[in-house]
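Before any comments, here is the structure.
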Amino acid sequence: QVQLVESGGGLVQPGGSLTLTCVVSGYIFSRNAMGWYRQAPGKQRDLVATITSGGQRIYADPSEGRFTITRDNAKNTMYLQMNSLKPEDTAIYFCNKIFNPKLDWGQGTQVTVSS
């Protein structure tokens, strides 16, 4: 059974940092481009960062220069290091494939940036 489990979110002050973790099970993780997505209340789910099977990284404008996406294929795990967090980064963060068909979405992990 394919499962995506995100963790590492929390409440952080503006300017703070968090590292999110995504563990993928039941799926050949290493062969696929993967991404971190986020969804703020009342908004659509947006792609934040992409990492290809070869390790190339692509960032959406809001995260460029502040977020770093990495992957450990041996552990079927992906990470998102987030620095200089802003209130507008507040959202539920999810991981999934880049290309369709997507895997069943996990529960996500809540990130709240507030003083």
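Checked against (1) in contact with a Pro (Cβ under 9 Å, 6 or more places away or on another chain); (2) assigned to a strand (DSSP E or B); (3) of a type outside the set (D, E, K, R), Pro14 passes all but a single condition, namely (2). Taking region 92-115, which residues are within 13 Å of the chain's Cα centre (by Cα), crowded, with 17+ Cβ neighbours inside 10 Å and within 12 Å of Val12 (Cα to Cα)? Within region 92-115, just Val111 meets the criteria. Residues that are among the basic types (Lys, Arg), touching a Ser or Thr at 6+ places or on another chain (Cβ under 7 Å) and part of a loop (DSSP other than H, G, I, E, B) are absent from region 22-34 altogether. If you go through region 69-106 and keep only what is farther than 21 Å from Val2 by Cα, hydroxyl-bearing (Ser, Thr, Tyr) and touching an Asp or Glu at 6+ places or on another chain (Cβ under 9 Å), you end up with nothing. Pairs meeting the criteria (first residue in region 48-64 and among the aromatic types (Phe, Trp, Tyr), second residue open to solvent by less than 30 Å² (accessible area, probe 1.4 Å), beta carbons under 8 Å, at least 6 apart or on different chains) are Tyr59/Val48; Tyr59/Ala49; Tyr59/Thr50; Tyr59/Phe67; Tyr59/Ile69. What pairs come out if I take residues in region 103-115 that are under 15 Å from Met78 (Cβ atoms) and pair them with residues that are among the hydroxyl-bearing types (Ser, Thr, Tyr) and open to solvent by 40 Å² or more (accessible area, probe 1.4 Å) whose C-beta lies under 9 Å away, six or more apart or interchain? Hits for this filter: Leu103/Tyr27; Thr109/Ser7.
Under the condition of being open to solvent by less than 30 Å² (accessible area, probe 1.4 Å) and either β-branched (Val, Ile, Thr) or touching a helix residue (DSSP H, G or I) at 6+ places or on another chain (Cβ under 7 Å) (or both), which residue from region 17-48 is modelled with the lowest pLDDT? Here the answer is Phe29.
The values are calculated or read from the model by the stated rules, or taken from the named source; none is laboratory data. If you're wondering where the values come from, they're calculated on a predicted model, not measured in any experiment. Cβ coordinates were reconstructed from backbone atoms using ideal geometry, including for glycine residues, and neighbour counts include every protein chain displayed. In case anyone asks, the SASA skips ligands and DNA or RNA and just uses the protein heavy atoms, side chains included. Shrake-Rupley method; radii C 1.70, N 1.55, O 1.52, S 1.80 Å.
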